1. Mind listing whichever residues of the range 5-43 are part of a strand (DSSP E or B) and touching a residue at least 40 places away in the same chain (Cβ under 8 Å)?
2. Can you tell me how many residues in the range 49-65 are of a type outside the set (S, T, N, Q) and either in contact with a Ser or Thr (Cβ under 6 Å, 6 or more places away or on another chain) or modelled with pLDDT of 95 or more (or both)?
3. Name the single residue, out of those in the range 4-24 being within 16 Å of Thr38 (Cα to Cα) and among the hydroxyl-bearing types (Ser, Thr, Tyr), that is surrounded by the fewest Cβ atoms within 10 Å (Cβ to Cβ).
Amino acid sequence: MKVNCLSCGFKEDLGDAYDDYEGQVKCFTCGSLLEIKTDQGTIKAVQLVKSKHRSLKQETEESLVSGG
């Protein structure tokens, strides 16, 4: 089974062990946490729990606050 990371877009191959699963998985590429729910090999829900990536908006705001 494959699921796309909502943070970096990497396509995770979770294998058959996650065909009936509800819980968190960590992206192997960026380290973000995804909450997933699968049933009989079909993805039912994917939600980003915690992203390791900062958005361009966050970087801009931090730069303005620090004066850089």
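1. Ile43
2. Residues meeting the conditions: 2.
3. Applying the filter and picking the extreme gives Tyr21.
The values are calculated or read from the model by the stated rules, or taken from the named source; none is laboratory data. Since the model is a prediction, treat every value here as computed from it, not as a measurement. Ideal geometry is used to build each Cβ from the backbone, glycine not excepted, and the neighbour counts take in all protein chains shown.
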